[in-house]
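Read through the structure below, which is laid out as structure tokens, and then see the notes.
None of the figures in this text is laboratory data; all of them are computed from the coordinates on show. Note that the structure is a prediction, hence the values are computed from the model and not measured. Using ideal geometry, Cβ is built from the backbone for each residue, glycine included, and neighbour counts are taken over all protein chains shown.
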Amino acid sequence: MFLRVTPEIFAAFPDTVLGVVIAHGIDNAGEPAGVLADLRQEEARVREAFASISIPEHLHIAPWREAYRRFGAKPKDYPSSIENLVRRVSKGHALPHINTLVDLYNTISLRYLVPVGGEDLDRIEGDVRLAIAGDAEAPVRLLGEPEERAPRSGEVIYKDDLGAICRRWNWKEADRTKLTPDTRKAFLVIEGLPPVGREKVAEATEALAALVRTHCGGEVRTAVLDRNEPEIALA
């Protein structure tokens with residue numbers, strides 16, 4: 001089982017960088033002490049930092065808006081995951097506790113202002129690809145949505161052998177592969193577009209891996225993918 005960034009992604013977005021945390025044998029149940037406190041601290045820091053900053057124009061958010069436009073998604077209607085987090089926090093909302101891994105990756109997402117997501121490896125079928133959606137993608141039910149809908153041709157998606165597991169790059173993930181308290185094997189992905197490059201993504205990846213080791217245990221390893229190293233084994 002591999003995670004691969006397809007050549008068509010690098011053709012369209014040549015400086016894409018992915019940081020990957022692969023965790024096996026973890027405990028994702030409960031609410032470890034300090035996890036939510038760290039998340040609330042990052043929320044407060046972001047809320048203060050963006051008090052006088054235009055969110056769409058921020059150096060870490062504007063590139064995602066441009067990327068979304070390039071594959072036909074309006075950023076106003078489909079904000080990237082990092083823009084969505086910053087907007088919610090800036091309005092004074094606390095992010096809800098989902099489970100430990102989600103709390104941890106939200107903490108890192110806010111700390112480094114980068115998109116971060118994750119999937120349950122036991123729910124993945126075949127390899128995972130970051131790819132451009134074709135004309136005949138299978139319908140997928142996204143988190144919080146009652147009905148299945150197929151990705152639009154041309155949009156960036158993560159997919160496995162059964163279909164999309166995250167639509168519009170990092171906008172919203174599929175219900176099928178979501179992280180739950182029962183998750184024992186997972187992979188988490190940190191995404192970078194310029195000016196966020198390999199060095200910053202690697203730093204954020206190691207920070208997230210350290211949190212997973214501390215709060216979830218298990219066997220944790222990391223990798224950084226780019227056009228020179230486009231794949232990593234997940235199993």
Open item on the list: How large are Rg and Dmax for the stretch 1-113 when calculated on the C-alpha trace, in angstrom?
Closed with: 16.0, 45
Open item on the list: With 15 Å as the cut-off, how large is the P(r) tail for the stretch 47-100, expressed as percent of Cα-Cα pairs?
Closed with: 50 percent
Task: Exposure proxy order (Cβ contacts within 10 Å, fewest to most) of H24, H58, H215, H93 - done: H93, H24, H58, H215
- [ ] Based on other C-beta atoms within 10 Å, arrange I165, I82 from fewest to most.
- [x] I82, I165
Task: the chain, Cα convex hull volume normalised per residue, Å³ - done: 112 Å³
- [ ] Let me know the number of lysine pairs in the chain closer than 30 Å at the Cα, not counting same-chain pairs under 8 apart.
- [x] 21
- [ ] For I98, list long-range residues whose amide hydrogen, built 1.01 Å from N in the peptide plane, is under 5 Å from its own amide hydrogen.
- [x] D103
Task: Exposure proxy ranking, count of Cβ atoms within 10 Å, fewest first, for L36, L143, L234 - done: L143, L36, L234
Open item on the list: Between the stretch 1-77 and the stretch 115-144, how far is it from one alpha carbon centroid to the other, in angstrom?
Closed with: 16 Å
